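Notes for the one structure printed next.
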């Protein structure tokens, strides 16, 4: 069975996600529907793009990612399908599909335009149900994207701010905070080791300094902070048995810097 | 594969929903189980009935809707199956199934009474697990409802307050607030156009007046409110890029009125 | 189709659970994946163990329970598979699997050690994705646990505090509070009837006394508290149409005692 994996900012209180799944099963009853998350902050396109980039490669090849974080619904932004080397992405052309598709290698971009494959009447506010879910379902049945609309030359790019590097200092920031209060920074593993090499370093967060990378949350005493590379391969600040978010009263955008000695 | 779609007020913190799914798969391992929502406000029968009415028709025909919003569990209310023209509804006879089943056309109502199809011992507090989930699973395997109990002549009616209409004024109210802070009113599209026809109108919410129906959230400047017909076909008050709930400090029951000129 | 049922403390905001499901489907696309809950309090091993014990037996035989409540990830605790009489449990050896497996009857314990079945590189923080999810998926395809690692003689025991019994008094406490504000105590049905027999009794919570076991939430007037045996077979304190948690400002650990007359 083919997999459709869904990522939205719909939350789980309303019926939006359930209705999209109904639409999918009405078109293709033999498909695995998986939730990545529906708890993206409302309208947070770059948050969703990061989550998608950190998730897609764990799914079976040919998985269809149905992504609806769509503050521009009903305005000019195009509904698109992006075929990458191993996957298919369906959603609005507002950048949300860009990071993942680019990493995997974009092969073809299609505008979803053929009304034959829409749920009618198309609402002004819920293209997830009326355009994106049916497109995903038809693709999962093996329909070619060519039937859904014409090719496009490009898609909207999304730029995530990189850390600033000033000689021996890396100035990064918190780009995501997870449920455990772990602070995910924009400093990735490769960059970190390229700059620090085998030298000593000091990671600064607020008034606290850390001088090693932990191998596990239990590398430090309970209640103590640590630096660790998380499952997204970004440097994270955590607290053993606690919450770094609380400990440092941290928010998204909070600075985390590294000085190489 | 047949679909069972579940709607409850169980939340996702406890294991209630997971256990119902276990019960279903033990009886029928070849069924699609879909969540509509489990975040209905505890014991909010009319909220659930509205969500069900706004959802059911997007699902495949013959979908079984397992609805457990059941403050009267263990008391006199009957557990029922309702066959409508295209769907099957399973839940307590407290009105929660009524709006959807009536809209689709009620064909037959059955009391679930045959203990052979219960999980035993039947608890006093969780008929979702012990009565409704197994009934849904047996129906999804093709068992006839007749085996589960006797027919009933009627089911409990549910009445949703309609807007008051006084000559050229429609007095509606907020009946649902979604995750984005959109205020869903009880003024539906048909009623709106029947009263306003092609005349000018003024929608009043608190001290703010709106004189057009937007085609998209971006029809107004960021931060500005707008009126739009949402995916349930009710008039909604929204804010472009923001929350109408916050903007107007609105709650359920809040008045939204329309004056036709 | 085989079932994998997942229980974690990951919440639903992040992509952790979705990614584990992707990993599973990549290995075995023909499996039912069911969520028990992802809203266990972060790192609450005994809370998760209780929920698992209250859930497992409702699932089809041979269901694989993938349980990731794992504050010791990356430290010494072993990843294990536990075969019980009717089920298979996969997770960290920190006690979280113990109550359910013991109740069903432990048959064999295996350490997951064969790197061939890991997702590589294995991260320091997310064995759910890299070790437990793939192990569960291979087991669901019929792979024998013997291929995944060597047998172990024992697993970590978990002890849940029992009520104190002092002649004619049972001193229990609240061990779980559900979404409806129901207070679940550690006094189980068997113990209750063994001590109270057919005598009169008085249940004390704060300054309130209850002298009967209700058959339904509606056995008392709206807003009034009641005592009832819940779906986990533990004594629960509830309020008809309200929340016992609010009514008694109760927290976990709160005392509930019974005096037999």
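One line per residue, one yes/no per condition, for (1) away from every other protein chain (no Cβ under 14 Å); (2) in contact (Cβ under 8 Å) with a residue 12 or more places away in the chain; (3) closer than 30 Å to residue A:181 by Cα; (4) loosely packed, with under 11 Cβ neighbours inside 10 Å:
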{"residue": "C:125", "(1), (2), (3), (4)": "no, yes, yes, no"}
{"residue": "C:128", "(1), (2), (3), (4)": "no, yes, yes, no"}
{"residue": "C:131", "(1), (2), (3), (4)": "no, yes, yes, no"}
{"residue": "C:138", "(1), (2), (3), (4)": "yes, yes, no, no"}
{"residue": "C:147", "(1), (2), (3), (4)": "yes, yes, no, no"}
{"residue": "C:157", "(1), (2), (3), (4)": "yes, yes, yes, yes"}
{"residue": "C:162", "(1), (2), (3), (4)": "yes, yes, no, no"}
{"residue": "C:165", "(1), (2), (3), (4)": "yes, yes, no, no"}
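Criterion applied to C:209, C:192 was being over 30 Å from residue B:94 (Cα atoms), part of a helix (DSSP H, G or I) and not assigned by TED's automatic domain parsing to the domain that holds residue C:57, and the one residue passing it is C:192. Candidates in the stretch A:27-52 are the residues that are in contact with a helix residue (DSSP H, G or I) (Cβ under 9 Å, 6 or more places away or on another chain), assigned to a loop (DSSP other than H, G, I, E, B) and within 10 Å of chain C (Cβ to nearest Cβ); of these, the one that is surrounded by the fewest Cβ atoms within 10 Å (Cβ to Cβ) is A:41. Being surrounded by fewer than 17 Cβ atoms within 10 Å (Cβ to Cβ), at negative phi and not in a strand (DSSP E or B): is that true of residue B:231 here? No, not satisfied. Selection within the stretch C:239-249: residues that are over 21 Å from the mean Cα position of the chain (by Cα) and under 24 Å from residue C:48 (Cα atoms). The member of this set that is surrounded by the most Cβ atoms within 10 Å (Cβ to Cβ) is C:244.
Of all residue pairs spaced 6 or more apart or on separate chains, those with beta-carbon atoms under 7 Å, a first member in the stretch B:219-241 that is modelled with pLDDT of 90 or more and a second member that is surrounded by fewer than 17 Cβ atoms within 10 Å (Cβ to Cβ) and part of a strand (DSSP E or B) are B:225/B:208. The residue list A:18, A:11 contains one member that is assigned to a helix (DSSP H, G or I) and farther than 23 Å from residue C:30 by Cβ, which is A:18. Looking at this structure, is residue C:108 at pLDDT 95 or above, in the same structural domain as residue C:26 (by TED's automatic domain parsing) and loosely packed, with under 15 Cβ neighbours inside 10 Å? Yes, satisfied. Go through the residues of the stretch A:98-119 one by one and say whether even a single one is touching a residue at least 24 places away in the same chain (Cβ under 8 Å), within 14 Å of chain B (Cβ to nearest Cβ) and touching a strand residue (DSSP E or B) at 6+ places or on another chain (Cβ under 7 Å). No: zero hits. Every test in (1) without any contact (Cβ under 8 Å) to a residue 60 or more places away in the chain; (2) surrounded by 13 or more Cβ atoms within 10 Å (Cβ to Cβ) is passed by residue B:190 save one, and that test is (2).
Whether a residue is within 22 Å of the chain's Cα centre (by Cα) and modelled with pLDDT of 95 or more was assessed, and residue A:116 does not pass this test. The residues of the stretch C:67-83 that are away from chain A (no Cβ under 14 Å) and crowded, with 20+ Cβ neighbours inside 10 Å, listed by number, are C:67, C:80, C:81, C:82.
The values are calculated or read from the model by the stated rules, or taken from the named source; none is laboratory data. Small disclaimer: the values here were computed from a predicted structure and weren't measured. For neighbour counting, all protein chains shown are included, and Cβ atoms are generated from backbone atoms with ideal geometry for every residue, glycine included.
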